[in-house]
Amino acid sequence: MDEIAELVNQDPGLVIKVLSVANSAFIGAGSGNEVSSVESALMRLGSNEIVRIVGMLAFQDTTTRACRSIVSLRRSTSGIRSQRPC
């Protein structure tokens, strides 16, 4: 788990997401039970959940970039100035 924590700690955005999930009511974190380190979040969530979170974020980033590319292509080929959602 130390290796996973080390990798997660390299990306501040990922740290925020992991801590947010670890401290969410869905996970059962109540007031006063909040974790403030990736290592503690790993213990609470488990490595499988961390891998799932990272996978979802990677997918979200990929689809966001693809959507922006499509919108840009639409604007350049049709002359439309407004940005339409994908």
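Any read-out appearing in this document is the output of simple, stated calculations on the displayed coordinates, not a laboratory observation. Nothing here was measured: the structure is a model prediction, and the numbers come from that model. Using ideal geometry, Cβ is built from the backbone for each residue, glycine included, and neighbour counts are taken over all protein chains shown.
For the stretch 37-56, the set of residues classified as in a loop (DSSP other than H, G, I, E, B) and either touching a residue at least 60 places away in the same chain (Cβ under 8 Å) or polar (S, T, N, Q) (or both) consists of S37 only. Restricting to the stretch 26-49, and then to whatever is hydrophobic (A, V, I, L, M, F, W, C) and touching a helix residue (DSSP H, G or I) at 6+ places or on another chain (Cβ under 6 Å), can you tell me which residue is surrounded by the most Cβ atoms within 10 Å (Cβ to Cβ)? Looking at the filtered set, the residue picked out is A41. Residue count for the stretch 9-26 under the criterion of being assigned to a loop (DSSP other than H, G, I, E, B) and farther than 16 Å from V51 by Cβ: the result is 4.
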